[in-house]
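Chemist: My questions will all concern the structure given below.
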Amino acid sequence: MLPLKLNSEYGTLKAVLMHRPGREIDRLTPYNCENFLFEDVPYLEAMQREHDEFRSIIKGACGATVFRLQDLLVDVLINDDLLLKTMQAALLEVGMSEMAPDIIARLSTTECATALMGGIKVRELKRKFTHRLLDDMGEHSFVIPPNPNTYFMRDPAAVVQAGVICCQMKYNARNRESYLMRMIFENHPLFRGSFNLIYPRHDAEKTITGNYPNIEGGDIVILSEKALAIGNSERTDQAAIEEVAWNVLGKGQVERIYEVVLPKQRNFMHLDTVFTIIDENLVVTYPDAMEAVLETRIHHLEGFDAEGDPIIKTEVLHESVIDVLRREIDYLEVIATGDGNPDYASREQWYDGANVFAIGPRRVISYNRNIHTNRSLREAGVEVLRIPSSELSRGLGGPRCMTMALDRQDF
C-alpha cells in the first residue's frame, strides 16, 4: 500500500504512474486534433518507443516502481459494479449511458479499459451488436471519445503533502482522465486504505461533467514540506485554489499556499512550464516568467470559526516567481532555460525546457532537443538523463508532464 503523500519535488523517486501512448493517439487526424488539444498528429509507433525508453531510464536510474495506468484500470474494472458505473459515466458524455450493459457483455475487461482511454466508434460496435441508438449515427462517430492527452499523467491528479487533489480539467475532452484516476485511487488495493481526498470534496460523478472549478496537476508544485504553490493559469481557477487552501491549511499539514497568477498564454499553460524544483535550493525556470508574473497571493490559516471551520487569510504579494521561491528556499540558485539566451529560451520553452522531471536531488530527465538548457543544468552539477523527443513533444508537454509521482524518499 502506498501512502500517497509527498513532501518534495526532488526526493529520490520510489514510485511513479505513467501511461504508454496507445490507440487514442491513432484517433488523431489533421481535422480533429485541435478538438483534442493537439497541434499536430504524432506517429504512434515512434512515440511508444520514446516513451518505453523514458520508462526504462526511470527504472534503471533510481530503481523506482513504474505503475502503468492501463494495468491499474483493468485491476479495478474487474469489479462488475465499478465497470458498469464507469462505462455509464463515459457514455453519458454522448447521452448513450443506457448502452453500457450491451457493450460490457461483448467486450472483455481489457477491451473496456482500452475503450475508456482509446475511445470506440460506431462501426466498431456494429461489428459486435446492433442497437437503435447507433442507427442514426455516422459510422466513424465516437460512442466513447478518445483521451489522447492521457499520457500527460501529471494533470488529472496530484499527490501533495496532505493527500491527493483529484483535478477538474479545463476542457471536457480531458475530464474522463480525472474521473478514472479518482476511481483507481478510491478502489485499487494499492491506494484505497491511504487515499485522502483534498479536492473535490463532493461526489466523483460531477468531475466528468465539468461541474467544479478547474484545477490541473501541472499547476501544482510542492515548494517544501510546509508550502505549496498553485498556478492561477488558463487551466486553473482561483475558486479551486481557494477550496484546496481551505481544506489543506485547515488540516495543519501545510502552512502556506502560494497562488501564482500566470498570464493566460500557451507558453505559461501550467506553473510547471514556468519552473521546476530539482534540489532543495536549485530551480530551473523560463526567464520571461520572472517578469511576466506580476502578482502572487499567499493563503494561510488565521484560526477557526465557532463551528470549527478554518478561517483563511489571503495577502497579495506583488512579486515574481523567483521572489516567491526565495521566501521558501535559502540560497536559491536559478538555472535559466536556453542558457539565458532569449532566442534559445523561447525555442526550448516551447518544448518544455523548464519541465524536467527530478528522479532525485540534482538528477533530472530532460528532452534531448533542449540542448542549451541541458548544458546549463550539467554546468550546475546536475545529472541530466536525456530522452528522445521527436514525437512525445508533439503533445506539448515535457517529462514532468508525463509522470505522476506517487512516492519519494523523505528528507
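Chemist: Picking from SER141, SER97, which residue would you name as being of a type in the set (Ser, Thr, Tyr), farther than 18 Å from GLN70 by Cβ and either crowded, with 22+ Cβ neighbours inside 10 Å or out of contact with any strand residue (DSSP E or B) (no Cβ under 9 Å at 6 or more places or on another chain) (or both)?
Modeler: SER97
Chemist: For LEU134, are the conditions met, namely being crowded, with 16+ Cβ neighbours inside 10 Å, under 17 Å from TYR179 (Cβ atoms) and among the aliphatic types (A, V, I, L, M)?
Modeler: no
Chemist: Answer yes if at least one residue in the stretch 343-363 is surrounded by fewer than 20 Cβ atoms within 10 Å (Cβ to Cβ), of a type outside the set (Phe, Trp, Tyr), in contact with a strand residue (DSSP E or B) (Cβ under 9 Å, 6 or more places away or on another chain) and closer than 27 Å to ILE25 by Cα, and no otherwise.
Modeler: No, there is no match, as no residue in the stretch 343-363 is surrounded by fewer than 20 Cβ atoms within 10 Å (Cβ to Cβ), of a type outside the set (Phe, Trp, Tyr), in contact with a strand residue (DSSP E or B) (Cβ under 9 Å, 6 or more places away or on another chain) and closer than 27 Å to ILE25 by Cα.
Chemist: Would you mind listing the helices (runs of 4 or more DSSP H) fully within the stretch 35-126 where at least 1 residues are of a type outside the set (D, E, K, R) and at pLDDT below 95?
Modeler: 44-62, 80-92, 100-106, 122-126
Chemist: Being within 22 Å of PHE268 (Cα to Cα) and at pLDDT below 90 is the requirement here; does LEU377 meet it?
Modeler: no
Chemist: Tally the residues that are part of a helix (DSSP H, G or I) and aliphatic (A, V, I, L, M), restricting the search to the stretch 174-199.
Modeler: 4
Chemist: Looking at ASN374, is it among the polar types (S, T, N, Q), assigned by TED's automatic domain parsing to the domain that holds GLY218 and surrounded by fewer than 18 Cβ atoms within 10 Å (Cβ to Cβ)?
Modeler: no
Chemist: For the stretch 127-140, how many residues meet the condition of being in contact with a Leu (Cβ under 9 Å, 6 or more places away or on another chain), of a type outside the set (D, E, K, R) and either in a loop (DSSP other than H, G, I, E, B) or closer than 30 Å to SER393 by Cα (or both)?
Modeler: Total satisfying the criteria: 1.
Chemist: Output the qualifying pairs, or none if there are none: Cβ atoms under 6 angstrom, residues six or more apart or on different chains, first residue in the stretch 15-34 and in a loop (DSSP other than H, G, I, E, B), second residue polar (S, T, N, Q).
Modeler: Partner pairs satisfying both residue conditions: HIS19/THR150; PRO21/GLN48.
Chemist: While we're here: If I go through the stretch 255-282 residue by residue, how many of them are part of a loop (DSSP other than H, G, I, E, B) and either in contact with a helix residue (DSSP H, G or I) (Cβ under 9 Å, 6 or more places away or on another chain) or in contact (Cβ under 8 Å) with a residue 60 or more places away in the chain (or both)?
Modeler: Count: 8.
The values are calculated or read from the model by the stated rules, or taken from the named source; none is laboratory data. What you are looking at is a predicted structure, and each value in this text was computed from that prediction instead of being measured. Because the Cβ atoms are built from the backbone with ideal geometry, glycine has one as well, and the counts that use them run over all protein chains shown.
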